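A quick write-up on the structure given underneath.
The values are calculated or read from the model by the stated rules, or taken from the named source; none is laboratory data. Everything numeric here is computed off the predicted structure, so don't read it as measured data. Cβ atoms come from the backbone with ideal geometry, glycine included; neighbour counts cover every protein chain shown. Only protein heavy atoms, including side chains, enter the accessible area calculation; ligands, DNA and RNA are left aside. Shrake-Rupley method; radii C 1.70, N 1.55, O 1.52, S 1.80 Å.
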Amino acid sequence: MSSKPMSHRQIMEALSGLLLVLFVAMASSTIVSTALPTIIGALDGSQTQYTWVVTASLLTATASTPIWGKLADLFSKKLLVQISIVVFVLGSMIAGLAQTAGQLIAARAFQGLGMGGVQALVQVAIAAMIPPRERGRYNGYLGGVMAVATVGGPLLGGVIVDTTWLGWRWCFYIGVPIAIIALVVLQKTLNLSVLRRTSVKIDYWGASLIAAGVSVLLIWVSFVDSSFAWVSWQSVVMLGAGLALLAAAVWVESRVAEPVVPLSIVKTRGTALAIIASLAVGMAMFGGAVFLGQYFQIGRGYSPTEAGLLTIPMMAGVLVSSTIAGRIISRTGKIKPYIVAGTLVLVAGFAGLSVLDHETPLWYVGIAMALVGIGVGMSMQNLVLSVQNTVSLKDIGAASSTVAFFRSLGGTIGVSVLGAVLAHRVTDNLTHQLGASAAAPGGGSLNIGALPDSIQHVVRAAYGDATGHIFLISAAVAAVGVLAALLMKPTELRSTVDLAAAPAPATPETPVPALTR
């Protein structure tokens, strides 16, 4: 461990590189959302492949997050950050060169490994540099970058696709030079001491079982209700296999010397409650950006660029609230009140969005989106901080990535489940308006402009009216986050990077052998 703490200038220099690569990694998962219809059309892909271009990267990023975090407790954090950046850059280049939808899906899965590493390790590196008491002021920058990446990604993707001399491949290429710049900056500025350990054991079985179990469950969520029914033999087999793999992972993690996800950390009250709350925040962070962008485009008829601009209130809410709350938390050392307030505001924002239809005034939508953004900004990073505050430096990687893992898992499952609910509602609305022959227009094609004007209006109304229903579900899920936040114990943030060492028990001194003549 470093004996000399980093100065504010040194922290800001290293933080600039970390935030650069975090922005690129997070934006890469949202930048394709508005460009995907063009991409899949150019590659002659199917609707299933359309879904998997998004799901593949989320799946590998989610499954690999705890593995990256555990590796950070065993090896050089700086080296691991650099490796994850290289993996991400290679995946981005391959994705941009893809000639078929299958190749693009494979490249996105590989890219997701780098994304998972970056998202987990950036927070681990920050935790190794800055004491929890001071970390709140820097978490404002982190929340702002996440907000810009999450909400600004679709806007950037729309602009790239609409710019003829760029083309859709630049949705993947554009992050490469920024990631390389971040790599160079981190090489010069990120100086973290490595905790040398004589015996390092990697939990390969636990890592493999966790990755396999999560992957099977996410594949089930992705295909259920489209390729097969919720109640079917396929659902029973996949759900049973996923749960069995995760049960085996828990058994392994309870017995190995160096578990990927230390159960001693997960079982503590604070971490368990932070995980539950993070599931709700994850659904807000991912679901809000995905479904609001589609609502503006399909339900209201705005262009991709306009849809991105209309989601600015949510981005501004995250940026302002995370910055202000972070500074207050650093000054007072108290964190629970801001997490509770953030989850309450999040519920209020989703409740406001639950009444959306295709004619809701834009000023009202903007206010509700701002509330969602404020809720995410006050709770997202502070949930990680609350867990980091309770563990020693040697476990900071596993603890941070475990919370990030469940947040990402919640977001992935939330997007898939809410997407299925949305599709059902749209189909039901269209069937009610146009009859049984209406199945085709609502099936998933975003090319609404190609439909006749009379049908186009009905489809947009059906989509706009259905969107409010999924945000009602989100409000119910977010309410669980409020309960978890209320049950968290009030704690004072410590002012040291590591936990204070416990006083050693008094033991008799070992006699020094007498010198022989």
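Quick look at the numbers
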| read-out | value |
| --- | --- |
| Inter-label distance, nm, simple model (7 Å from Cα along the C-beta direction), Met12/Gln103 | 4.5 |
| Gain in span if fully extended, Ser235 to Asp162, counting 0.36 nm per residue against the direct Cα distance | 22.3 nm |
| Residue-level accessible surface for Asp162, protein heavy atoms, 1.4 Å, Å² | 90 |
| In Å², nearest 10: area of Ile473 left accessible to a 1.4 Å probe | 60 |
| Computed lengthening from Leu362 to Lys188, 0.36 nm per intervening residue step minus Cα-Cα distance | 58.0 nm |
| Full-extension gain in nm, Arg269 to Ile328, via 0.36 nm per residue minus C-alpha separation | 18.8 nm |
| 4 °C / 1.567 mPa s Stokes-Einstein diffusion coefficient of segment 218-306, Kirkwood radius on C-alpha pairs, µm²/s | 78 |
| Farthest positive-ward along segment 272-407 dipole, Cα basis, beta-carbon charges - from Asn389, Gly301, Val345 | Asn389 |
| Ala247-Ile455 pseudo-label distance in nm [points 7 Å out on the Cα-to-Cβ vector] | 4.8 |
